[in-house]
Structure formats: structure tokens, C-alpha cells
Amino acid sequence: MTILVFDSGIGGLSVLREARILMPEHRFVYVADDASFPIGGWEEGALIDRLMFVFEGLVKRYDPSMIIVACNTASTIILPPLRERFDFPIVGTVPAIKPAAERTSSGQVSVLATPGTVQRDYTRSLVSEFARDVNVKLVGAENLAVLAEEFMLTGTVDDKAVSAEIADCFTDRLGARTDVVVLACTHYPFLANVFRRLAPWPVDWLNPAEAIGRHAQSLLSHGGPIEDVQDIAEFTKGRPKPEMLRLMSGFGLKVV
Ligand code: DGL
């Protein structure tokens, strides 16, 4: 079976990594809509139109048994129309606010996401439904997804720029300090070690990738033989530059 994993860029590889470990018998197609990247600042209606257009083409081309939308920004708006349009399972990536509320000891949680994700009703209703007794600070980072891609491709990133993006996550209310930060953009787990180093104090950086993989696994039948096919990656902008091809090959993905 083919599982299509989608993101606006290469952040969704954090989810692909886990999904492949949990579902080795399937074939994965990773799609980066780099022609739209970054989508964190896109207006909602335009983003829905763009995403539906891209998914129509992908489903025709790859006939997937499942789509994993490995992008929080897209998931906050696209899951209902996708589920209405296609009858195979659609798995989303939504901010891990519930587990964060269960895990915090100080009662101070921050959600680090794109500006789009923190504005969406979907995110705000997760807070009111699952984190009513906790102080949740929504932090919309303007440039962090772009910085994460830079880091993934070059191995270096400007510390000052990253510090400025994460600074608002840290609050100290009369000694009650933020102790959990939800990584609510699939790009951010790749910067987790940089965050750890730059954080003013240690916190739990919550990465939901494995939970997403487990949820996807629970929706598909498994146990068949491992398909002898090459996992592939597609970029909507066309053939990417050599450093991107190297990164993809490191992930065992053949760019088509
Ligand atoms: N990886 C996407 C997410 O999880 C966002 C990246 C972007 O801004 O395009 O929200």
C-alpha cells in the first residue's frame, strides 16, 4: 500500500521517520509543496484552495491508501474537506496540547507554531477543550520553519535568530516557569537540540511525531510482506538543488 506524507517543505520528514519505523511494510511517497513554502502566513481561503488543488493531483498520480498531512498549519484547516473528498484515511498533525496539559507540573505550557496555526479556531478549541486548567501561551514564530530548513540543509543556523523566535515561549509567573513546549510545527523537531542549547532553562520539548505514526498505524491493516519498492519524494517546484537531493538520499528517498 502507498502512504502519502505531505508537508509544505521538508519538516514532515520528522513524521515520515517515525511512520516508516512503525509501518515498514508500506511504500511511502513524501511530497513537499515547496512552491508554496512557507505557508505559515498564508490566508486561510487561499491556502485551502492551494492544498486541495495539490492533493487532487497527488491522489490521481499515486492512488494512496492513506494521506498523512505532516504539517500542523495545513492540518488545522484541511482535514474536513479532505475527508469529504476522499474515502481513505486522512491522518492529521495537530498541536499536542492535550498531552502537554497532562505532562506539565508548573501549569505553564507554550505552543510553538507558525502564525497560521496559532490563529486558527482549531488550535484555540484544543486549548479550551483539553487545557482549561493550564496556562497555555500560543507563540507564532514567523521565520522558524525557514530557519529549520536552513539548518537541515547546511547544519548551521543563526543562534540569535532562533533565540528571538523562541523567546516568547518562556514565562516565569512568580516562580511558576514554563516546563513544556509543544513543537506544533513539523519542522521544529529538527531544531530541538538547538532549542535545548539556547533555552533560558530546561523544558520538555514535546514532539508528537511518534504518536502520529502510531495513530496512522492503527488505521491501516498490516502484516503483509514488505513491499520491495523505493520510497520516493516529490517537490512541487521541480528538481531541487544538490544539497536537498543529498538530504533526501540520506533519508532513503529517491527524488522524482
Ligand atoms: N511544517 C509546517 C507545519 O507543521 C509549517 C511550515 C510552513 O510554514 O510552511 O506547520
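Counting only residues that are surrounded by fewer than 24 Cβ atoms within 10 Å (Cβ to Cβ) and under 16 Å from the mean Cα position of the chain (by Cα), how many does region 52-76 have?
0
Within region 171-201, work out how many residues are closer than 19 Å to ASP158 by Cβ and assigned to a loop (DSSP other than H, G, I, E, B).
Going through region 171-201 one residue at a time, the tally reaches 4.
Residues are listed down the side, and each one gets a yes or a no for (1) of a type outside the set (Val, Ile, Thr); (2) farther than 23 Å from GLU165 by Cα:
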position: ILE90; (1), (2): no, yes
position: ALA101; (1), (2): yes, no
position: GLY107; (1), (2): yes, no
position: SER110; (1), (2): yes, no
position: ALA113; (1), (2): yes, no
position: ARG120; (1), (2): yes, no
position: THR123; (1), (2): no, no
position: GLU129; (1), (2): yes, yes
position: ASN135; (1), (2): yes, no
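With under 20 Å from the mean Cα position of the chain (by Cα), surrounded by 14 or more Cβ atoms within 10 Å (Cβ to Cβ) and without any contact (Cβ under 8 Å) to a residue 60 or more places away in the chain as the only criterion, which of VAL181, VAL146, VAL162 stands out?
On the way: VAL181 fails: without any contact (Cβ under 8 Å) to a residue 60 or more places away in the chain; VAL146 fails: without any contact (Cβ under 8 Å) to a residue 60 or more places away in the chain.
Of the residues listed, the single one that is under 20 Å from the mean Cα position of the chain (by Cα), surrounded by 14 or more Cβ atoms within 10 Å (Cβ to Cβ) and without any contact (Cβ under 8 Å) to a residue 60 or more places away in the chain is VAL162.
List, please: which pairs have Cβ atoms under 6 Å, are six or more places apart or on different chains, and start with a residue in region 3-15 that is within 15 Å of LEU51 (Cβ to Cβ) and of a type in the set (A, V, I, L, M, F, W, C) and end with one that is near the ligand (Cβ under 9 Å from one of its atoms) and in a loop (DSSP other than H, G, I, E, B)?
Sorted first by the residue in region 3-15, then by its partner, the pairs are VAL5/GLY12; VAL5/ALA70.
Can you find a residue that is surrounded by 22 or more Cβ atoms within 10 Å (Cβ to Cβ), polar (S, T, N, Q), within 12 Å of the ligand (Cβ to nearest atom) and modelled with pLDDT of 95 or more anywhere in region 101-118?
The answer is yes; a qualifying residue exists.
Which ones in region 118-143 are in a strand (DSSP E or B) and either of a type in the set (Val, Ile, Thr) or in contact with a strand residue (DSSP E or B) (Cβ under 6 Å, 6 or more places away or on another chain) (or both)? Please lay out each step first, then the result.
Within region 118-143, the first condition is being in a strand (DSSP E or B), and the residues that meet it are 135-140.
If the condition is that a residue be in a strand (DSSP E or B) and either of a type in the set (Val, Ile, Thr) or in contact with a strand residue (DSSP E or B) (Cβ under 6 Å, 6 or more places away or on another chain) (or both), then ASN135, VAL136, LYS137, LEU138, VAL139 are the ones that fit.
Looking at ASN207, ASN193 in this structure, which one is within 16 Å of the ligand (Cβ to nearest atom) and of a type in the set (S, T, N, Q)?
On the way: ASN193 fails: within 16 Å of the ligand (Cβ to nearest atom).
Going through ASN207, ASN193 in turn, the sole match is ASN207.
What is the number of the single condition among (1) under 29 Å from LYS241 (Cα atoms); (2) in contact with a Leu (Cβ under 9 Å, 6 or more places away or on another chain) that THR154 does not meet?
Going through (1) under 29 Å from LYS241 (Cα atoms); (2) in contact with a Leu (Cβ under 9 Å, 6 or more places away or on another chain) one by one, THR154 breaks only (2).
Residues to consider are LEU174, LEU198; find the one that is free of Cβ contacts under 8 Å to residues at least 60 places away in the same chain and surrounded by 13 or more Cβ atoms within 10 Å (Cβ to Cβ). Can you show your working first?
Details: LEU174 fails: surrounded by 13 or more Cβ atoms within 10 Å (Cβ to Cβ).
From the options LEU174, LEU198, the qualifying one is LEU198.
If I filter region 207-229 down to residues being under 25 Å from HIS187 (Cβ atoms) and in a loop (DSSP other than H, G, I, E, B), which single residue comes out as modelled with the lowest pLDDT?
Ranking the qualifying residues of region 207-229, first place goes to PRO208.
The values are calculated or read from the model by the stated rules, or taken from the named source; none is laboratory data. These figures come from a predicted structure and were not determined experimentally. Neighbour counts run over all protein chains shown; Cβ positions are idealised from the backbone, glycine included.
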